[in-house]
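These notes are about the structure you will find just below.
Values in this text are rule-based calculations from the coordinates and carry no lab data. Fair warning: this is a prediction, and the values are worked out from it, not measured in the lab. Here the Cβ is made from the backbone with ideal geometry for all residues, glycine too, and neighbour counts use every protein chain on show.
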Amino acid sequence: MSLLDKMMSDNLKRLKGMQREMLNMQEEIYDENGEQIERLNKKRAELDAAGTKIHYQAAASGVKEAMSSDAPDKTTKFCHECGTKIQKSAKFCSECGAKQD
Ligand SMILES: [Zn+2]
């Protein structure tokens with residue numbers, strides 16, 4: 001076995017030892033705090049679910065808003081320069097300042 005091989009296999013052994021230690025520590029931590037970890041995981045799942053719900057609600061209301069704001073009514077029109085919705089009576093666009101006819 002060359003020196004390099006020996007060094008590599010020594011390192012590998014050390015790494016495996018450390019890995020085992022880590023797993024043992026993980027198990028110990030879980031043994032001591034299993035209940036808290038379960039509760040934490042449950043809470044995190046609840047939070048994720050709530051966050052996802054809020055995210056979808058926001059997305060849905062955003063779409064609704066975008067759709068309603070895209071529809072011009074009797075009092076609004078679109079700027080012919082930039083497309084911003086402005087008051088029909090406006091002489092100038094509030095966004096780009098273009099003169100309206
Ligand atoms: Zn404009």
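Before moving on, here are some points about what is shown:
- Selection from ALA49, CYS93, LEU15 lying farthest towards where the dipole of the chain points positive, charges on Cβ: CYS93
- By the rule of a C-alpha distance below 27 Å, with chain neighbours fewer than 8 residues away ignored, the lysines paired with LYS99 are LYS74, LYS77, LYS85, LYS88, LYS91.
- Compared with the dominant principal axis of the Cα atoms in the chain, helix 3-70 is inclined by about 20°.
- Three-way shape label, the chain, alpha-carbon gyration tensor, a/c 1.5: oblate
- Amide H contacts of ALA98: CYS93, each under 5 Å away and 5 or more positions distant or on a separate chain (H built 1.01 Å from N in the peptide plane; Pro and chain starts excluded).
- Proximal charge balance of CYS93 [Cβ under 13 Å; K/R count +1, D/E count -1]: +2
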